[in-house]
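K.L.:
After the structure tokens below, expect a handful of questions from me.
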Amino acid sequence: MLDDRVALQSTQTSRRRGAGRSLGSRAGDPRYLGLVSVAVLFVAWYLFTGPYHVVPAKFLPSPAALVKEFVDLSRHGYAGTPLWVHVGASLGRMLAGYALSIVVAVPLGLFMGINPVARGLLSPVFNILRPIPTIALIPLMVLWFGIGEESKVIVIFLASFLFIVLNTTAGVMTVPEGLVRAAINLGANRVQLFWRVMFPAALPSIMTGLKTGLAVSWAVVVAAELLGAQQGIGYMIEDAATFYRLQAVYVGVIFIGAIGLVMTSTLNLIEARVLHWAGKS
Amino acid sequence: MTPGLQIRSLSKVFASTGRSRAEVAALTDIDFDVQAGEIYCLLGPSGCGKSTILNIVAGFERMSSGEVAVGGQPVSGPSPERAFVFQQPQLFPWLDVWENIMFGPSVRSASRSGARERAESLLAATGLTEFRHHHVYQLSGGMRQRVAIARALINQPSVLLMDEPFGALDAQTRIAMQELLLSIWDRLHTTILFITHDVEEALFLGDHVGVMTARPGRMKFEVPIPFERPRTVETLTLPAFVELKKQVMVALREEVRPGPCDV
Ligand SMILES: Nc1ncnc2c1ncn2[C@@H]1O[C@H](COP(=O)(O)OP(=O)(O)O)[C@@H](O)[C@H]1O
Ligand SMILES: [Mg+2]
């Protein structure tokens with residue numbers, strides 16, 4: 001069984017290496033391919049909305065129109081509020097809810113990983129809750145916590161919470177028995193076993209939870225801001241759509257995407273630095 | 001030279017588990033001594049309970065009855081005094097070579113300077129001096145197992161327990177590892193209990209070889225290995241070596257043939 005796993009990993013490694021070698025040139029690098037498709041999309045967007053006018057501006061504005069709108073919004077703000085305040089409001093809620101989620105979910109997940117009683121009690125509850133989309137809970141949260149900041153932060157918290165808990169627990173539970181035995185044999189006590197073996201061994205899985213959690217939390221920010229917010233990118237998108245300010249809607253959507261990309265890349269960067277061993281055999 | 005290991009009337013029955021109702025009698029009345037400072041190789045068909053013996057001696061597994069003693073003192077529970085080298089190296093991938101080797105001393109808060117000196121000499125003995133800052137995933141299988149050996153020996157164990165440590169390596173690397181193990185042992189004379197299913201490996205390394213029956217494992221017989229040390233690749237071709245190897249293989253084959261052998 002163990003040997004099978006090793007064999008499997010090594011064939012995967014060699015396949016990966018083999019693929020890299022056979023393509024060889026920079027053109028084969030997935031990153032460059034990604035740039036190519038982004039460039040093609042951009043050119044198509046430009047051509048269809050600008051020179052050829054295939055798509056009417058009421059559905060999709062041209063790149064030039066969006067740049068102009070962005071400059072306008074930066075100068076004059078939206079609905080009397082500077083653009084950076086909208087962006088800051090969304091980011092602030094996001095970071096508050098997400099940080100709260102990490103602070104609660106990681107310790108809880110670790111504890112569930114090492115404590116069968118806690119796991120037995122909580123896992124079924126979490127498994128029942130897991131399929132419920134967070135967005136469905138927004139009206140409830142508003143009933144409970146009102147339309148102020150609390151309900152928004154809690155919705156963002158809820159969106160990522162289960163992902164982080166479940167991945168953390170799974171990470172602890174799948175620490176190879178051999179590593180645990182090795183540590184005990186070398187003289188580690190229970191506390192050392194946890195902090196110096198189980199925790200680092202679980203980190204790659206925890207990181208998976210953090211990345212998924214980040215994506216889903218950011219995704220519900222917009223939904224959370226639909227309710228009674230006076231600031232935030234989600235508010236701006238919703239409000240602009242109501243008044244048919246399509247260009248402002250698009251600027252908001254692009255901001256959501258760009259900020260999400262920056263946050264995800266940051267986590268990826270941290271992962272590559274800190275968890276250098278992850279995924280290597 | 002470190003104290004010997006005594007195993008008396010050791011039996012192990014695995015309790016029935018969910019899927020298979022039946023209890024598994026893994027070991028029956030195992031008796032043998034590993035003399036102080038010798039290498040004792042335990043041979044037996046797959047599934048006969050070799051790993052179970054080692055896991056019990058290491059304290060990972062409880063015995064059903066019997067006694068295990070080091071230097072006459074009964075032992076129970078895991079201890080760095082009975083160091084383990086597993087079939088898979090089981091190195092900590094987030095640590096580099098040096099940190100892996102120093103894991104034992106650092107958790108045991110043993111004297112750092114003494115440990116560092118031992119780590120240096122173990123690095124040299126295992127040919128890893130230049131690789132101290134390498135990460136585990138940058139090493140070959142043989143190098144990883146050398147780190148595992150150094151990591152076990154830095155705790156200055158009384159007994160070194162090795163469970164088919166070279167079983168996953170290719171033939172050339174395996175021979176190199178066997179020679180390396182002998183050269184290290186030649187300096188430290190740590191008592192070693194070495195499990196293998198490879199007859200040639202057992203005869204090449206061991207001062208004594210114990211052969212086990214198929215499950216439930218019993219001791220079938222024990223032979224002293226007369227070949228002079230230091231042993232080299234030439235030892236493998238001595239007529240006496242070849243003859244002894246044939247006899248042991250015949251005895252082992254009797255055990256592999258009759259029952260269905262579980263892996
Ligand atoms: N935890 C366990 N529960 C039940 N049966 C086990 C357990 N561990 C080992 N066994 C059984 O005990 C026998 C001896 O196993 P093992 O010591 O691993 O053999 P070997 O190392 O000689 O191949 C096997 O038949 C195996 O199926
Ligand atoms: Mg075994």
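The values are calculated or read from the model by the stated rules, or taken from the named source; none is laboratory data. All of these numbers come straight from a predicted model, not from anything done at the bench. We place every Cβ from the backbone using ideal geometry, glycine too, and count neighbours over all the protein chains shown. Note: accessible area is taken over every heavy atom of the protein model, side chains too, but ligands, DNA and RNA are not part of it. Shrake-Rupley method; radii C 1.70, N 1.55, O 1.52, S 1.80 Å.
K.L.:
Per DSSP helix of 4 or more residues, -39500 (n - 2.57); summed, then divided by the residues of chain A. What does that give at 222 nm, rounded to the nearest 500?
P.N.:
-26500 deg cm²/dmol
K.L.:
Does chain A classify as rounded, prolate or oblate by the C-alpha gyration tensor (a ≥ b ≥ c root eigenvalues; a/c under 1.5 gives rounded; else a/b over b/c gives prolate, otherwise oblate)? The partial results should precede the final answer.
P.N.:
On the way: a/c = 2.89, a/b = 1.42, b/c = 2.03.
It is oblate, given that a/c is not under 1.5 and a/b is not larger than b/c.
K.L.:
Please report, as a whole percent, how much of the solvent-accessible surface of the protein assembly as shown comes from carbon and sulfur atoms (probe radius 1.4 Å). Write down the numbers at each step before the final one.
P.N.:
On the way: 17110 of 27510 Å².
The nonpolar share, carbon plus sulfur, comes to 62 percent.
K.L.:
Further question on the same structure: What lysines does A:K68 reach when the alpha-carbon gap must be under 18 Å and sequence neighbours fewer than 8 apart in one chain are set aside?
P.N.:
Reachable lysines: A:K58.
K.L.:
Taking amide H positions as placed 1.01 Å from N in the peptide plane, with prolines and chain starts having none, which residues 5 or more places from B:V13, or on another chain, fall under 5 Å of its amide H?
P.N.:
The answer is B:A26, B:S64.
K.L.:
A further question on this structure: Within 10 Å of each candidate Cβ there may be at most 11 other Cβ atoms; applying that plus a DSSP loop requirement, which chymotrypsin sites (Phe, Trp or Tyr not before Pro) in segment A:176-268 survive?
P.N.:
In loop regions of segment A:176-268 (DSSP not H, G, I, E or B), the sparsely surrounded chymotrypsin sites (Phe, Trp or Tyr not before Pro) are A:F243, A:Y244.
K.L.:
Once phi is turned into θ = phi - 60°, what whole-Hz ³J(HN,Hα) does the Karplus curve with 6.51, -1.76 and 1.60 give for every residue of segment A:164-177, x standing for Gly and Pro?
P.N.:
Result, ordered by residue: 6, 4, 5, 5, 5, 4, 4, x, 5, 6, 9, 4, x, 3 Hz.
K.L.:
Please list the equivalent ellipsoid semi-axes of segment B:92-218, computed as the square roots of five times the alpha-carbon gyration tensor eigenvalues, in descending order and whole angstrom. Don't skip to the answer; put the middle values down first.
P.N.:
Values: eigenvalues 142, 57, 37 Å².
Gyration-tensor ellipsoid for segment B:92-218: 27, 17, 14 Å.
K.L.:
Rounded to the nearest whole Å³, what is the per residue volume of the convex hull around the Cα atoms of segment B:90-156? Let's see the in-between values first.
P.N.:
Values: hull volume 5.0 nm³, N = 67.
It is 74 Å³ per residue.
K.L.:
Taking the Kirkwood radius as the inverse of the mean 1/r across Cα pairs, report the Rg/Rh of the protein assembly as shown.
P.N.:
My calculation puts Rg/Rh at 1.12.
K.L.:
Something else now. When we measure straight from the Cα of A:K280, which lysines land under 30 angstrom away, once same-chain ones fewer than 8 places off are left out?
P.N.:
Counting by Cα, and skipping residues close in sequence, A:K280 has these lysines nearby: A:K211.
K.L.:
I need the phi-derived Karplus couplings for segment A:236-251: 6.51 cos²θ - 1.76 cosθ + 1.60, θ = phi - 60°, integer Hz, Gly and Pro marked x.
P.N.:
Values per residue, Gly and Pro as x: 4, 4, 4, 5, 5, 5, 4, 9, 6, 8, 4, 5, 5, 4, 5, 4 Hz.
K.L.:
Right, next: How large are Rg and Dmax for segment A:148-193 when only the alpha carbon atoms are used, in Å?
P.N.:
17.5, 54
K.L.:
So if I place +1 on the C-beta of Lys and Arg and -1 on the C-beta of Asp and Glu, and nothing else carries charge, what would the dipole magnitude of the protein assembly as shown be about its Cα centre? I want it in debye, nearest 20. Don't jump to the answer; show the numbers that get you there.
P.N.:
Working: 47 positive and 41 negative charges, 215 e Å.
So the dipole magnitude of the protein assembly as shown works out to roughly 1040 debye.
K.L.:
Other chains' Cβ within 10 Å of B:154-160 residues: what's the mean? Write out the running numbers ahead of the final one.
P.N.:
Working: counts 1, 3, 0, 1, 0, 0, 0.
Mean partner-chain Cβ count within 10 Å for B:154-160: 1.
K.L.:
A follow-up question, please. What is the calculated FRET efficiency for B:A25 to B:A251, with r their C-beta to C-beta distance and R₀ = 22 Å, to the nearest 0.05?
P.N.:
After rounding to 0.05, the efficiency reads 0.50.
K.L.:
Could you state the angle between the C-alpha long axis of helix B:112-125 and the longest principal axis of the C-alpha atoms of chain B, as a value from 0 to 90 degrees rounded to the nearest 10?
P.N.:
Result, in degrees: 70.
K.L.:
Using a 1.4 Å probe and counting only protein heavy atoms, how much accessible surface gets buried when A and B come together, both sides summed, in Å² to the nearest 100?
P.N.:
Working: alone 17000 and 12700 Å², together 27510 Å².
Approximately 2200 Å², summed over both chains.
K.L.:
Amide H neighbours of B:A83 under 5 Å, at least 5 residues apart or on other chains, H built in the peptide plane: list them.
P.N.:
B:S158, B:V159, B:L161
K.L.:
Kindly identify residues of segment B:128-142 having a loss of at least 50 Å² in accessible area between the isolated chain and the assembly of all protein chains, probe radius 1.4 Å.
P.N.:
Relative to the lone chain, where solvent access is computed with a 1.4 Å probe, segment B:128-142 loses at least 50 Å² at B:Y137.
K.L.:
In Å², and per residue, what accessible area does segment A:193-250 have when probed at 1.4 Å with the other protein chains present? Working shown, then result.
P.N.:
Values: 2340 Å² over 58 residues.
Computed with neighbouring chains in place, this is 40 Å² per residue.
K.L.:
Among the lysines, select those whose C-alpha is under 23 Å from the C-alpha of B:K12, and discard any that sit fewer than 8 residues away in the same chain.
P.N.:
B:K50, B:K220
K.L.:
Using a 1.4 angstrom probe and counting only protein chains, how large is the accessible area of B:S121 in Å², to 10?
P.N.:
We get 60 Å² for B:S121.
K.L.:
Okay, next question. Report the calculated FRET efficiency for B:M1 and A:L121 (r = Cβ-Cβ distance, R0 = 51 Å), to the nearest 0.05.
P.N.:
According to the calculation, E is roughly 0.45.
K.L.:
Shifting gears a bit: Roughly what would the spin-label model give for A:A241 and B:S121, points 7 Å off Cα along C-beta, in nm?
P.N.:
My value for the distance between the label points is 7.4 nm.
K.L.:
Moving on to the next point. When only DSSP loop residues count, what trypsin sites (Lys or Arg not before Pro) in segment B:1-54 have their Cβ near at most 10 other Cβ atoms within 10 Å? Could the numbers behind the result be given before it?
P.N.:
Numbers: sites: B:R8, B:K12, B:R19, B:R21, B:K50; in loops: B:R19, B:R21.
For trypsin sites (Lys or Arg not before Pro) across segment B:1-54 that sit outside H, G, I, E and B with at most 10 neighbouring Cβ atoms in 10 Å, the list reads B:R19, B:R21.
K.L.:
If you don't mind, there's one more thing I want to ask. May I ask you to evaluate 6.51 cos²θ - 1.76 cosθ + 1.60, the Karplus curve with θ = phi - 60°, for each residue of segment B:84-90 and list the ³J(HN,Hα) values in order in whole Hz, giving x for glycine and proline?
P.N.:
10, 10, 8, 5, 8, x, 6
K.L.:
Next up: Figure the gain on full extension for A:M173 and A:A39 (residue separation times 0.36 nm, minus the Cα-Cα span) and round it to one decimal in nm.
P.N.:
43.9 nm is the gain from fully extending A:M173 to A:A39.
K.L.:
Once each part is reduced to its C-alpha centroid, what is the distance from segment B:213-241 to segment B:108-149 in angstrom?
P.N.:
Each part reduced to its Cα centre gives a spacing of 30 Å.
K.L.:
List every residue whose amide H lies under 5 Å from the amide H of B:I225, counting only residues 5 or more places away in sequence or on a different chain, with H placed 1.01 Å from N in the peptide plane.
P.N.:
B:H208, B:V209
K.L.:
Still on this model: 7 Å from Cα along Cα→Cβ at both B:V242 and B:S183: what's the point-to-point distance in nm?
P.N.:
Placing both labels 7 Å beyond Cα along the Cβ direction yields 2.8 nm.
K.L.:
Report, in deg cm²/dmol and to the nearest 500, the calculated mean residue ellipticity at 222 nm for chain B, where each DSSP H run with n ≥ 4 adds -39500 (n - 2.57) and the sum is divided by the residue count. Let's see the in-between values first.
P.N.:
Values: 8 runs with 89 residues, N = 263.
One gets -10500 deg cm²/dmol as the mean residue ellipticity at 222 nm.
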